[in-house]
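Structure first, commentary second.
The values are calculated or read from the model by the stated rules, or taken from the named source; none is laboratory data. Here the structure is a predicted model, which is why all the values come from computation and not from measurement. Positions of Cβ are backbone-derived with ideal geometry, glycine not excepted, and every protein chain shown enters the neighbour counts. What goes into the accessible areas is simple: the full protein's heavy atoms, side chains included, and nothing from ligands, DNA or RNA. Shrake-Rupley method; radii C 1.70, N 1.55, O 1.52, S 1.80 Å.
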Amino acid sequence: MDELEARAARQLDGLRSFQENLEAITVAVTSADGLVTAEVDAKGALIDLRLERGANELGAARLGEQIVATSALAAQRVYARVAAVTEDFNESFGDMLGARPAGE
């Protein structure tokens with residue numbers, strides 16, 4: 001019974017660690033001209049936007065397009081990172097679930 005409880009505790013720890021790893025993921029991307037930097041969290045939500053001097057000289061329409069494009073690229077990259085972390089977790093957690101306690 002002790003081994004079964006220990007196994008369950010390891011699985012819960014693994015789930016908690018996975019959740020913490022996901023919550024910690026952010027990606028920042030800077031536009032090619034260096035004027036716009038967008039940072040998104042693991043859900044793809046914009047959490048920071050930085051505009052350098054001269055960004056307003058792009059004009060409203062072009063600046064808006066650049067903000068959207070830079071944010072979208074950051075979201076694509078964060079989703080790729082989330083997918084990689086999730087894949088690693090699935091492999092390791094699957095191994096943990098497949099492991100049988102001694103005596104089974």
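Report the full-extension gain for the segment I25 to A8: residue separation times 0.36 nm, less the Cα-Cα distance, to one decimal in nm.
3.5 nm
Return the Rg/Rh value of the range 37-80, two decimal places, where both radii are evaluated on C-alpha atoms and Rh is the Kirkwood radius.
Looking at the range 37-80, the ratio lands at 1.02.
How many nm separate the modelled label positions at R53 and V85, each set 7 Å beyond the Cα in the direction of the Cβ?
3.6 nm
Before rounding to the nearest 500, sum -39500 (n - 2.57) across all DSSP H runs of length at least 4 in the chain and divide by the residue total; then give [θ] at 222 nm in deg cm²/dmol.
My calculation for the chain gives -21500 deg cm²/dmol from helical runs alone.
Probe 1.4 Å, all protein chains in place: accessible area of E52 in Å², nearest 10?
Near enough 90 Å² of accessible area.
For the chain, divide the Cα radius of gyration by the Kirkwood radius and give the resulting Rg/Rh value with two decimals.
1.28
On the accessible surface of the chain, probed at 1.4 Å, how many percent belong to carbon and sulfur atoms?
Accessible surface attributable to carbon and sulfur in the chain totals 53 percent.
Given a 10 angstrom Cα cut-off, can you work out which residue in A60, A74, A28 is the most mobile in a GNM of the chain?
A60
Per residue, how much accessible area does the chain show when a 1.4 Å probe rolls over the protein heavy atoms, in square angstrom?
Here the per-residue accessible area is 67 Å².
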